[in-house]
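What follows is a set of notes on a single structure, which appears directly below.
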Amino acid sequence: MKHTLAVLVENHPGVLSRVSGLFARRGYNITSLVVSETEDSSISRMTIVVDGDERIIEQVTKQLNKLIDVIKVNDVTNEDTVNRQLLLVRVNADNSAKGEIAQLMDIFRARIVDIGRKSLIVEATGDEEKIQAIIRSLQPFGIQEIVKAGIISMVRGPK
Amino acid sequence: MLGAELLLKSLEEQGVELVFGIPGGSVIPLYDVLKKSSIKHILTKHEQGAAHAADGYARVTGKPGVCFATSGPGGTNLITGLATAQMDSSPVIAITGQVASSFIGKDSFQEADMLGLSHPVTKYSYLVRDANDIPGIVEEAFFIATQGRPGPVLIDIPKDVFTQKVTEVRNPGVRKHLLEKLKKPELDFTQVEKAVEALKKAKKPLIIVGGGVNNSEGSNRLLQDFAMKNEIPVSQTLMGKGVFPADHPLFLGMVGMHGTIEANWAMQNCDCLLAVGMRFDDRVTGRVEQFASKAKVIHVDIDAAEHNKNRASDIPIVGDSKDFLEVLCEKLWASRNNKEWLRSILIQNPVEKVNFGRGLDPEGVMNLINSLLDDDTVVVTDVGQHQMWAALFVHPKKPRSFITSGGLGTMGFGLPAAIGVQMAYPDKKVVLITGDGSLQMNLQELAVIKQWNLPIKIFLINNGSLGMVRQWQELFFQENYAETILEVGPDWEKLAGAYNIKAKTLYENRELKETLHSSMANREPWLVDIKVDPGANVFPMVPAGCSLDQMYRSWKNEAHVSSIG
Ligand SMILES: Cc1ncc(C[n+]2csc(CCOP(=O)(O)OP(=O)(O)O)c2C)c(N)n1
Ligand SMILES: [Mg+2]
């Protein structure tokens, strides 16, 4: 099963290589990894999506915790979180298809950000499911290129 | 003050008295000011030797051992030593020179990415960018190396940082989250309570101790108290040697691939296993799915990541073995009766001996060496058959006194490690049990022994081969002895003689006893070249990937061979 780990790390060079090295060396499967500075510029936050059974996730979490530069590991898989991914797709679109794609993308609240002679670029954000749905809906037109950013997530505030 | 001077001062403040190393271009500024400090420098002949010597020092004292090397090849030569220390949780501090800051990243002369190279083989590593940070980094490096589960730390220092004028020292102290991360874990008492209950209920309890018990000062006494009062048999891993008296009836010896019959049998038949400070290495467990499969497992380790890594445990306890044993001893219920269980272990067959009579019998040699140990003798080994014979038959009497490369199995560890040990304790007797293959892997350090007149006794178990590999070829590769026979060995008497070290080659028992005794009695280095039976193998043996039940008790013995699955 996929788990989402929110990992706070020291923001200095080498940290990413230590974390990715750990995953490579021990054969853990990273689905997605995003690093960015937090509100405190000395600390970065990694959002790591990793695939594995309970025992592997336990090991991943504990091994991450052992890294000196890791401040905190939080498995947010079972928490109530907002998860987002950014998607760019270049899709075939002759003049007749352009209107149809625009309507379709409206439903997903995705945007058309570039119009070429025979193609469009669509931009969308959403959780993994929504992104998958958008891609599926565009497939019949012929997808030329897909670029996705990794998944980021944040735990929702108490209600 | 220069960066180099500040570094030495910071090391002095950490209590460093001794470093091992070799100079080179980028560390000349450091060596240039060495004489101004109180630190003694031991010039090894290879950086690998420096790393293992620092490791030997660290293992025997529990204090960090320090080594220096220059940039590039100096640093890369340390890597095997760091990996060796990492696998056995030894607090080594490596300080490497780096090319000057402005040359970093340009494939400059003798540039190697030490940070990148060291990541997987150290607990942590630093690149120092400003001399003013040195005291803070050194303090934190020593903290990291020694706290929690110990391990090696590397500090890489560019040449210009050594010569930089210190202006305003910055020492923010150890990072806050590390104080938390590496502090001694508090025992979870509900877990301890569960462990006590499980042990009380057990009909066939067994203890196995590992290196963690050696590392935790004072836990050997508590272990002995606990085991003896409750009559629970004690087994050990290779790294756990020295914590329980080998002549005690409860002592079963080592578990694993070359474990004793009693220990392996007890492991497979116990109903409750108390595992303290060990990590279920594959050389200990054999086929892990079938390891101690009847037992409820209580696993105590300071490193939470060891729980459920190799073997799932029923009662994982994160903590220092001493803390745990202290509580356990308080909750002692004393004098339970395990007579039946003990008897069933001890009636397991002893090893059948096969002696080809083509040289000295290695087990006999080991028994003789064992009889020469006093209470404080430290035994150091290399890697191979001689190491396993030593583990089975040579029993130093105290913790931290069997120094061996367990996790990485590094040939060439022995000689330099013995140097580190003897440097740490000039008055202790140090015995190195090595092989003709291993000794040739860091032979150059004989010069250090001579230079400092270290009275190390080198007992070379000479079988004319890379014996352990040869044994595998004999047993599992149809006697295809590919590249394991050392056809040209040196004349060891002459070789030692070249360094002015006393040496003697021995072929027979009568001489052996005399020579070993007299070599032990004096305060000089000695190399004793003991020609053992080249066909001798280490038994018992559990083939790799088999369960501990599937044990070769001897070879050339059809009955036993055919019983192997
Ligand atoms: C650095 C290194 N290279 C190779 C090996 C593989 N290896 C394990 S034991 C062994 C033979 C050791 O020979 P020797 O030191 O003579 O010991 P013996 O087994 O003969 O007692 C070898 C080559 C190793 N452990 N370490
Ligand atoms: Mg040999």
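The values are calculated or read from the model by the stated rules, or taken from the named source; none is laboratory data. Computed from a predicted model, the values in this text were never measured in an experiment. Virtual Cβ from ideal backbone geometry, glycine too; neighbours counted across all protein chains shown.
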With B:382, B:320, B:376, B:301 as the choices, which residue is outside the structural domain of residue B:207 (by TED's automatic domain parsing), away from ligand 1 (no atom under 16 Å from the Cβ) and in contact (Cβ under 8 Å) with a residue 12 or more places away in the chain? B:376
Would you kindly identify the strands (runs of 3 or more DSSP E) lying entirely within the stretch B:63-164 that contain at least 2 residues that are aromatic (Phe, Trp, Tyr) and within 13 Å of chain A (Cβ to nearest Cβ)? B:124-127
Taking the criterion of being part of a strand (DSSP E or B), among the hydrophobic types (A, V, I, L, M, F, W, C) and at pLDDT 95 or above, would at least one residue in the stretch B:319-340 satisfy it? no
Qualifying residues in the stretch B:464-480 (those that are within 14 Å of ligand 2 (Cβ to nearest atom) and hydrophobic (A, V, I, L, M, F, W, C)) - the one farthest from the other protein chains (Cβ to nearest Cβ): B:466
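From the list B:413, B:476, which one is of a type in the set (Phe, Trp, Tyr) and buried (at least 23 other Cβ atoms within 10 Å of the Cβ)? Steps first, answer last, please.
Values: B:476 fails: buried (at least 23 other Cβ atoms within 10 Å of the Cβ).
From the options B:413, B:476, the qualifying one is B:413.
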Report, ordered by the first and then the second residue, all pairs with beta carbons closer than 7 Å, sequence separation of six or more or different chains, a first member in the stretch B:386-410 that is away from ligand 1 (no atom under 12 Å from the Cβ), and a second member that is assigned to a helix (DSSP H, G or I) and acidic (Asp, Glu). B:393/B:363
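For every residue, the table says whether it meets (1) of a type outside the set (Ser, Thr, Tyr); (2) surrounded by fewer than 20 Cβ atoms within 10 Å (Cβ to Cβ).
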{"position": "B:155", "(1), (2)": "yes, no"}
{"position": "B:163", "(1), (2)": "no, yes"}
{"position": "B:167", "(1), (2)": "no, yes"}
{"position": "B:170", "(1), (2)": "yes, yes"}
{"position": "B:192", "(1), (2)": "yes, no"}
{"position": "B:209", "(1), (2)": "yes, no"}
{"position": "B:219", "(1), (2)": "no, no"}
{"position": "B:231", "(1), (2)": "yes, yes"}
Among the residues of the stretch B:165-179, what is the count of those that are more than 27 Å from residue B:57 (Cα to Cα) and within 14 Å of another protein chain (Cβ to nearest Cβ)? 4
Residue count, the stretch B:437-463 (criterion: within 11 Å of ligand 2 (Cβ to nearest atom), over 23 Å from residue B:377 (Cα atoms) and within 21 Å of the chain's Cα centre (by Cα)): 2
Please name all residue pairs, on different chains or six or more residues apart, with Cβ atoms under 8 Å, provided the first residue is in the stretch B:329-341 and is outside the structural domain of residue B:204 (by TED's automatic domain parsing) and of a type in the set (Ser, Thr, Tyr) and the second residue is at pLDDT 90 or above and loosely packed, with under 14 Cβ neighbours inside 10 Å. none
Within the stretch B:481-503, can one find any residue that is surrounded by fewer than 17 Cβ atoms within 10 Å (Cβ to Cβ), modelled with pLDDT under 95 and away from ligand 2 (no atom under 13 Å from the Cβ)? yes
In the stretch B:389-433, anything over 14 Å from the mean Cα position of the chain (by Cα) and within 16 Å of ligand 2 (Cβ to nearest atom) is listed as B:389
Test set (1) in contact with a strand residue (DSSP E or B) (Cβ under 7 Å, 6 or more places away or on another chain); (2) more than 12 Å from ligand 1 (Cβ to nearest atom); (3) hydrophobic (A, V, I, L, M, F, W, C); (4) assigned to a helix (DSSP H, G or I) - residue B:415 fails condition number: (2)
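How about the stretch A:109-124: which of its residues are surrounded by fewer than 17 Cβ atoms within 10 Å (Cβ to Cβ) and within 22 Å of the chain's Cα centre (by Cα)?
Start the filter on the stretch A:109-124 by keeping residues that are surrounded by fewer than 17 Cβ atoms within 10 Å (Cβ to Cβ), which leaves A:109, A:111-118, A:123.
Of everything in the stretch A:109-124, those that are surrounded by fewer than 17 Cβ atoms within 10 Å (Cβ to Cβ) and within 22 Å of the chain's Cα centre (by Cα) turn out to be A:109, A:111, A:112, A:113, A:123.
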Quick one: what pairs do we get from the stretch B:95-120, first residue in contact (Cβ under 8 Å) with a residue 24 or more places away in the chain, second β-branched (Val, Ile, Thr) and part of a loop (DSSP other than H, G, I, E, B), C-beta under 8 Å, 6+ apart or different chains? B:96/B:70; B:97/B:70; B:98/B:104; B:109/B:99; B:110/B:70; B:110/B:99; B:111/B:99; B:111/B:104
Filtering strands (runs of 3 or more DSSP E) wholly in the stretch B:443-558 for at least 3 residues that are within 13 Å of ligand 1 (Cβ to nearest atom), in contact with a strand residue (DSSP E or B) (Cβ under 8 Å, 6 or more places away or on another chain) and under 30 Å from residue B:263 (Cα atoms) gives B:457-462
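Could you list, in sequence order, the residues of the stretch A:15-65 that are charged (D, E, K, R) and closer than 23 Å to residue A:85 by Cβ? Walk me through how you get there before you give the answer.
Initial filter on the stretch A:15-65 (charged (D, E, K, R)): A:18, A:25-26, A:37, A:39-40, A:45, A:51, A:53-55, A:58, A:62.
Answer for the stretch A:15-65, where residues must be charged (D, E, K, R) and closer than 23 Å to residue A:85 by Cβ: A:37, A:39, A:45, A:51.
Rundown of residues vs (1) under 29 Å from the mean Cα position of the chain (by Cα); (2) surrounded by 20 or more Cβ atoms within 10 Å (Cβ to Cβ), yes/no style:
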| residue | (1), (2) |
| --- | --- |
| B:7 | yes, yes |
| B:32 | no, no |
| B:36 | no, no |
| B:40 | yes, no |
| B:72 | yes, yes |
| B:89 | yes, yes |
| B:97 | yes, yes |
| B:106 | no, no |
Looking only at the stretch A:50-72, filter to residues that are surrounded by fewer than 18 Cβ atoms within 10 Å (Cβ to Cβ) and in a loop (DSSP other than H, G, I, E, B); which one of those is nearest to the other protein chains (Cβ to nearest Cβ)? A:53
Single residue of the stretch B:504-522 satisfying the filter (free of Cβ contacts under 8 Å to residues at least 40 places away in the same chain and of a type in the set (Lys, Arg)) that is nearest to ligand 2 (Cβ to nearest atom): B:504
Do we have residue B:253 as surrounded by 15 or more Cβ atoms within 10 Å (Cβ to Cβ) and on the phi > 0 side of the Ramachandran plot here? yes
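How many residues does the stretch A:1-49 hold that are of a type in the set (D, E, K, R), away from chain B (no Cβ under 14 Å) and surrounded by 15 or more Cβ atoms within 10 Å (Cβ to Cβ)? Write out each step before concluding.
Of the residues in the stretch A:1-49, the ones of a type in the set (D, E, K, R) are A:2, A:10, A:18, A:25-26, A:37, A:39-40, A:45.
Then drop every residue that is not away from chain B (no Cβ under 14 Å), which leaves A:2, A:37, A:39, A:45.
Narrowing the set further to residues that are surrounded by 15 or more Cβ atoms within 10 Å (Cβ to Cβ) leaves A:45.
Of the residues in that region, 1 qualify.
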